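Working notes for the structure below.
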Amino acid sequence: MEETNQSVVSQFIFQGLCNAKELQVFLSLPFFLLYLMTVVGNLFVVLLIITDRHLHSPMYFLLANLSFIDCCLSSVTTPKLITDFKKDNKTISFGGCMSQILCVHFFGGGEMVLLVTMAYDRYVAICKPLHYSSIMDRQKCIWLVLISWIVGFVHAMSQLLLILELPFCGPRVVDSFFCDIPLVLKLACMDTETLESIINADSGVLATTCFILLLISYTYILLTVCLHAKEGAPKALSTCTSHITVVVLFFGPCIFIYLWPINITWVDKFLAVFYTVITPVLNPAIYTLRNKDIRNAIKKRMSSCGFKE
């Protein structure tokens, strides 16, 4: 008898965020508005940085890439969540499920490395300002961004290959609103304890390494600013505060889900919503509200369009 993953289980069923039909209908509009704000906000930041020559610097080049990744990360899960709010039978094909896993870890892993790159950029700008233009030249910035995409892709493929050939013969109910490895592993028709440890180690090494590098970078930056920098210290501190806020918002839920699982369903769902839906919409707001150059670029753009303050 020939059985493969896709012939045994051709689709999975999502439990969704909640069971109450009325609540699901009520939530569809807020989540649609959040997703719309995510797409519009992040794409606006990208276009603003591309079109405003005053923002053609390494920091804003990296910020544009972060906004693009946030837009992609949210688009992997949120549209499906919104359409499922109106469905009684929330299904996803086997291929669609594996694609979600691949894309979430691709964009998530890429964002982790990109945040480290942004921390390195701030380290050079604040701690070695005289050498900034020579260290963070255009070619190096492009390579740093490419490395973040490559690391994200390698991480995602390593995760996917470990679970792609697992036997799935039922049950097929995923107690969430999107496919993620910890939940899908529970549905495999075999003991996955060893595999789960390998996958957690894979994610753990990437997340922990990036988080430690970020902690070291921003600690060194803040010490340098406090001890040596006099002029420009408020601007440097404001920029670092924005970066640190984004780091905490992104890494916090990831640590609880992958490195320190608490196995409480509603908490896991809340954390999943936070890093796939909430964080991508907060990032452009954090940067635009705290960054003077971005605010000035927005004002100039509004003035050119005929809007007055």
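The values are calculated or read from the model by the stated rules, or taken from the named source; none is laboratory data. Note that this is a predicted model, so its numbers are computed, not measured. Cβ coordinates were reconstructed from backbone atoms using ideal geometry, including for glycine residues, and neighbour counts include every protein chain displayed. Accessible surface areas use protein heavy atoms only, side chains included; no ligands, DNA or RNA. Shrake-Rupley method; radii C 1.70, N 1.55, O 1.52, S 1.80 Å.
Among the residues making up the stretch 251-270, those that are at pLDDT 80 or above and buried (at least 17 other Cβ atoms within 10 Å of the Cβ) are Phe251, Lys269. Any idea which residue in the stretch 34-48 is nearest to the chain's Cα centre (by Cα), counting only those that are open to solvent by 30 Å² or more (accessible area, probe 1.4 Å) and closer than 22 Å to Met302 by Cβ? Filtering the stretch 34-48 for residues that are open to solvent by 30 Å² or more (accessible area, probe 1.4 Å) and closer than 22 Å to Met302 by Cβ, the one nearest to the chain's Cα centre (by Cα) comes out as Val39.
Condition check: surrounded by 20 or more Cβ atoms within 10 Å (Cβ to Cβ) and in a helix (DSSP H, G or I). Does Leu27 satisfy that? Considered against the rule, which asks whether it is surrounded by 20 or more Cβ atoms within 10 Å (Cβ to Cβ) and in a helix (DSSP H, G or I), Leu27 comes out as no. Scanning the stretch 122-148 for residues that are closer than 16 Å to Ile69 by Cβ, out of contact with any Phe, Trp or Tyr (no Cβ under 8 Å at 6 or more places or on another chain) and buried (at least 18 other Cβ atoms within 10 Å of the Cβ) gives a single hit, Ser148.
Out of the stretch 164-185, which residues are within 13 Å of Ser93 (Cα to Cα), of a type in the set (A, V, I, L, M) and open to solvent by 10 Å² or more (accessible area, probe 1.4 Å)? Once the filter is applied, which keeps residues that are within 13 Å of Ser93 (Cα to Cα), of a type in the set (A, V, I, L, M) and open to solvent by 10 Å² or more (accessible area, probe 1.4 Å), the stretch 164-185 yields only Val173. Looking only at residues in the stretch 97-121 that are small (Gly, Ala, Ser) and open to solvent by less than 20 Å² (accessible area, probe 1.4 Å), the one that is farthest from Ile255 (Cα to Cα) is Ala119. Of everything listed in (1) open to solvent by 20 Å² or more (accessible area, probe 1.4 Å); (2) touching a residue at least 12 places away in the same chain (Cβ under 8 Å); (3) within 27 Å of His105 (Cβ to Cβ); (4) not charged (D, E, K, R), the single unmet condition for Thr77 is (1). Of all residues in the stretch 49-73, those being farther than 22 Å from Ala119 by Cβ and buried (at least 21 other Cβ atoms within 10 Å of the Cβ) number 0.
State whether one or more residues within the stretch 74-83 are more than 25 Å from Ala285 (Cβ to Cβ) and of a type in the set (Val, Ile, Thr). Looking for residues that are more than 25 Å from Ala285 (Cβ to Cβ) and of a type in the set (Val, Ile, Thr), one finds at least one in the stretch 74-83, hence yes. Please go through (1) on the phi < 0 side of the Ramachandran plot; (2) at pLDDT below 90 for Gly170 and return the number of the only condition it doesn't satisfy. Single failed check for Gly170: (1). Taking every residue in the stretch 44-55 that is at negative phi and touching a residue at least 60 places away in the same chain (Cβ under 8 Å) and pairing it with any residue that is among the β-branched types (Val, Ile, Thr) and open to solvent by less than 100 Å² (accessible area, probe 1.4 Å), at least 6 positions away or on another chain, the pairs with Cβ-Cβ distances below 6 Å are Leu55/Ile49.
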